[in-house]
Amino acid sequence: MEKLLALWRGLRPQHLQTQTILMVSLVLLLALGLWGGWGGYQQQRSNLAHMESESRALARHIALASGNLILSDRLDELEGLVIAFAEHRNVRLVHVFSAQGQLLAEIHQEPGRPAHAKFESHQKLLPLPQDGQDLSQISADGMRFDAWSPVKAGAKTVGWVQVNSDLAELQAQRHLIWRNALLAVALVIGLSALLLSRLMRPTMTLFEEAGRFAATLIDGEGQTQLEVKGPLEFQKLQKSLNEASVLLQQHLLVLQDSIQTQQQHEAQLAAQNAQLGAIFTLSPDGLLTFDEGGRVQFANQAFLSLSQLSSEQVLGQTDTQLQTLLLEQAAESEQPFPGLDACFGPTKQVLTLRGDKPRVLSFSGRQSDSTAVKRVLYVCDVTQAHNLDRMKSEFLSLAAHELRTPLTSIYGFVELMVGREIPEAKRQNMLTRIHRQCKLMINILNELLDLARIEARGNSDFKFGMLDLAQVVDEFLADFKPPEGRERPVVEGANVPTQVCIDPQKMQQILLNTLSNAYKYSPEGGPVTLRFVRATKQISEDETVQAQTFCGLEIRDQGIGLSAEHLARMGERFFRADTSGHIPGTGLNVSIVKELMELMGGRLQVESELGQGTCVTLWFKC
């Protein structure tokens, strides 16, 4: 039954009229089907009982009439007797057997033909009923009926009579009954559907009018009165719908105003959320918020990038757990990190994280009275400022040390000259030393000013142009004066015209500093050679690898050279390979050359071996 209900729900039509007609039709079909089936069943039982009675009576009559014929062995008369009885319309076969099962007579009757005898053999024995009583049964295929009756001679059974009746006529009658019943059901259902359709037409019209009325109310453009005619129930429905129409119109106006106000508030809130989201997402500073329980409820992408943590590691953690995660990545420091609670005080706290490039983070926090966000933590990357402070301190320390050396000498000589009588020759020697130390201080200050200008302005005051590098070198060498007693630089190879983008004035300064170092750090003499070189390297740009040609000027000396340790420190400010003090210099020449080369898009390459001289190559893009 549940499956039938499920099937009905799946196939149920959408319209009420169709549903009603289909439901009534199903009820009529079920009722008439039960009625027709029951009637057909009763009719079949009656016809079967009638045939059974006739077959038994016929078998009994043949048995009563054939007793003496079987005893006297008059088989021909027995066949005639059986043929006379076998003229019944439903009888198809009559057998007469002896008590031992021998076939004594066999009569066949086929539709449209008279009964006739068919005898095969008196010797054939067939099985017979055992109880000596009348017996009837229907065959397994249901197409024939067998009736058995014993032939009695007194109390003795001398034979048996079998009457076989055809049930095909009964089957035909049953089919006819079912066909007539189905025709009657179809006729009744059709008439009922037509009648229901006519009876429900006013009701469906009312429903359609009410549906259109409700649709216009939903659109907000409907009429306020519904006019229908019909029974009292329809009038009540009309009144209820009209009252609902008036109320709906009133509520609709209020609802429209509320919706408009709500939409404005939502638009404002969405705009504010979008602005805050963009600020939090694009901000380079990290931002964390904590709830009332002290757990992290929000962390922007900047904080995750700065701390190298994932959102799964951070969100939901308490401040103590988050502090543990940060300290696991902290580098050793002279001032240990005091903890996140200290970040919500008046001063900022600093934490240095380990890595190839250590990162210095500044933490500061604010408390809130809101229940949604209790505390807010701000995290800033102050690595660059920290490095600048460190470099500034180191620079000032080195500059003070370099300036103090000549100042100490000057002060000592002046103090001697003021406090004592010094011979003229010795006094002249002291003045010469003072002059040399003053000149060294002026050089240091000038080079410091050069570095300061480079750091402050970058290449903003450079005047770039496409120039021939060989021509620029020739012009410089024409005015260059080597130290007294030294040979001029030697240019090896052909000066192939090479166009590079450089500032000629800055290039002159680069050449002067580089050649000055080449002569200074080869005090034993030896040639200083210049050679133009080219090289092609694979450069990766925008995920593509391209071949780039570089042009360079190689400056080689035969001087004292550099150890591997000193070579690694080339370019550091105030670094000097000669610590004996016999070679004058400030230790800033290479730093200035390196800065100027990088600002012009070039690169400084230094190769050297201790005692074998140094080779400096100035590379530019061709």
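The values are calculated or read from the model by the stated rules, or taken from the named source; none is laboratory data. Small disclaimer: the values here were computed from a predicted structure and weren't measured. Every residue, glycine as well, gets a Cβ built from its backbone with ideal geometry; the counts of neighbours run over all protein chains shown. All accessible areas refer to the heavy atoms of the entire protein, side chains included, with ligands and DNA or RNA removed. Shrake-Rupley method; radii C 1.70, N 1.55, O 1.52, S 1.80 Å.
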Count - residues of region 320-332 that are open to solvent by less than 70 Å² (accessible area, probe 1.4 Å), within 18 Å of Asn387 (Cα to Cα) and assigned to a loop (DSSP other than H, G, I, E, B): 1
Note on region 335-350: residues touching a residue at least 24 places away in the same chain (Cβ under 8 Å), closer than 15 Å to Gln367 by Cβ and not in a loop (DSSP other than H, G, I, E, B) are Cys343, Phe344
Would you confirm whether or not region 414-434 contains a residue that is among the hydrophobic types (A, V, I, L, M, F, W, C), under 30 Å from Ile510 (Cα atoms) and in a helix (DSSP H, G or I)? yes
What's the number of the only condition in (1) at pLDDT below 80; (2) open to solvent by less than 50 Å² (accessible area, probe 1.4 Å); (3) not polar (S, T, N, Q) that Met430 fails to meet? (1)
Selected residue [part of a helix (DSSP H, G or I), surrounded by 14 or more Cβ atoms within 10 Å (Cβ to Cβ) and on the phi < 0 side of the Ramachandran plot] from Leu78, Leu103, Leu64, Leu93: Leu78
Within region 281-304, tally of residues that are among the acidic types (Asp, Glu), open to solvent by less than 70 Å² (accessible area, probe 1.4 Å) and closer than 15 Å to Gln367 by Cβ: 1
State whether the residues of region 19-39 include one that is surrounded by 10 or more Cβ atoms within 10 Å (Cβ to Cβ), modelled with pLDDT of 70 or more, in contact with a strand residue (DSSP E or B) (Cβ under 7 Å, 6 or more places away or on another chain) and not small (Gly, Ala, Ser). no
Contact list, first residue from region 608-621 and farther than 17 Å from Glu595 by Cβ, second anywhere and open to solvent by less than 20 Å² (accessible area, probe 1.4 Å) and of a type in the set (D, E, K, R), beta-carbon distance below 7 Å, six or more apart or interchain, is Gly613/Asp557; Thr614/Asp557
Please verify whether region 67-78 includes one or more residues that are in contact with a Gly (Cβ under 8 Å, 6 or more places away or on another chain) and not aromatic (Phe, Trp, Tyr). yes
Here are some residues: Ala172, Ala153, Ala181. Which one is closer than 19 Å to Gln44 by Cα and touching a residue at least 12 places away in the same chain (Cβ under 8 Å)? Ala181
